[in-house]
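Notes follow the structure.
The values are calculated or read from the model by the stated rules, or taken from the named source; none is laboratory data. All of these numbers come straight from a predicted model, not from anything done at the bench. Here the Cβ is made from the backbone with ideal geometry for all residues, glycine too, and neighbour counts use every protein chain on show. For accessibility, only protein heavy atoms count, side chains too; no ligands or nucleic acids. Shrake-Rupley method; radii C 1.70, N 1.55, O 1.52, S 1.80 Å.
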Amino acid sequence: MRVRLAVLVPAGVLLCSCTVAARQKLCRDFRASTEMGVRSSTHSSGTGESEGRRQQGAAGGCSSGGDSRDDCTAALERPLGKTYRALVSGIVEQDEGEVDVAIGPVSYPGLSNGLFAASPSGKPARSLFRVLHRHADSTLMEVTILTGRPHQIRIHMAALGHPLLGDPLYGPGGAPMVAVVSGSRLGAYGDAGNAMPGDCGYHLHSMDLHFHHPETGAEMRLTAPVPAALQTPQEAAACPAAGPPHSFA
């Protein structure tokens, strides 16, 4: 009898597929989900959507039209879907919306291939957000990604004007923050002064993952307990908190 496990791992841990078949299946699902997100974005742009709304998303803002819930429903039909909790800096005014800023590599010190960030020449990317609670100087968000670009949520929340609380890498606009080189601190890759993709400290938690079983085709849904920093006041009062933010493996 085969036993399959879903493992919660701390943020920043590198994950690898155990078999070639598993890696190929995940790649196909990620690609299909991303292509569906891009196609639905293209479709909505050609069906009466206002030019102002499209420009708003392209500039790093969000849209909050009546089709957000339809997009959320469509997200559940994708081969692989992920929903996160995120704590962002500042107060997000919109209750819900979409960020569709393109993501691609940009020049960055210490990385020969560049760093993924908001880029007009990048690939299409879409994220849906919903405000869960507003604190005094931060906002608790639920974010569903419709595409799977590197660091998508970090970049999109920063592009929205609200970087993840504690994120050492991405600033408002979705561009990297390059610090003055100093020997007082080392990034995860040993590059003095500048934050690197592996540096942690931001508040992001993978809370819901759904996909189809690679052998049976059955729909699978996995949920992870929400850590204290990412709970709503109602959740905190109703149940004890989980540990630090995690991802699924």
> Which of the residues spanning the range 120-133 are of a type in the set (Gly, Ala, Ser) and open to solvent by 50 Å² or more (accessible area, probe 1.4 Å)?
Replying inline: Ser121
> Does Thr147 satisfy being outside any strand (DSSP E or B), crowded, with 16+ Cβ neighbours inside 10 Å, hydroxyl-bearing (Ser, Thr, Tyr) and within 15 Å of the chain's Cα centre (by Cα)?
Replying inline: yes
> Residue check: is Ala136 modelled with pLDDT of 95 or more, open to solvent by less than 10 Å² (accessible area, probe 1.4 Å) and either within 22 Å of Asp199 (Cβ to Cβ) or outside any helix (DSSP H, G or I) (or both)?
Replying inline: no
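Mind counting the residues in the range 94-133 that are in a strand (DSSP E or B) and over 20 Å from Pro197 (Cβ atoms)? Working first, answer last.
Looking only at the range 94-133, we keep the residues that are in a strand (DSSP E or B), and these are 96-99, 103-108, 111-118, 123, 127-133.
If we keep only those that are over 20 Å from Pro197 (Cβ atoms) as well, we get 96-98, 128-133.
Residues in the range 94-133 being in a strand (DSSP E or B) and over 20 Å from Pro197 (Cβ atoms): 9 in total.
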>> Please go through (1) closer than 16 Å to Thr144 by Cα; (2) at pLDDT 95 or above; (3) open to solvent by less than 10 Å² (accessible area, probe 1.4 Å) for Asp100 and return the number of the only condition it doesn't satisfy.
In response: (3)
> Just wondering, is there one or more residues in the range 76-88 that are without any contact (Cβ under 8 Å) to a residue 12 or more places away in the chain and polar (S, T, N, Q)?
Replying inline: no
> Going by the conditions given, is Pro163 more than 20 Å from Ala236 (Cβ to Cβ) and either among the acidic types (Asp, Glu) or over 12 Å from the mean Cα position of the chain (by Cα) (or both)?
Replying inline: no
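Quick one: would you say Pro245 is in contact with a Pro (Cβ under 7 Å, 6 or more places away or on another chain), closer than 19 Å to Ser138 by Cβ and at pLDDT 90 or above? It would help to see each step written out before you state the result.
Working: in contact with a Pro (Cβ under 7 Å, 6 or more places away or on another chain): yes; closer than 19 Å to Ser138 by Cβ: yes; at pLDDT 90 or above: no.
The answer is no for Pro245.
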> Is there any pair with a first residue in the range 138-161 that is closer than 19 Å to Pro120 by Cβ and a second that is open to solvent by 10 Å² or more (accessible area, probe 1.4 Å) and part of a helix (DSSP H, G or I) whose Cβ atoms are under 6 Å apart and which are 6 or more apart or on different chains, and what are they?
Replying inline: Thr147/Thr34
> Quick one: His210 ticks every box in (1) modelled with pLDDT of 90 or more; (2) assigned to a strand (DSSP E or B) bar one, so which box is it?
Replying inline: (1)
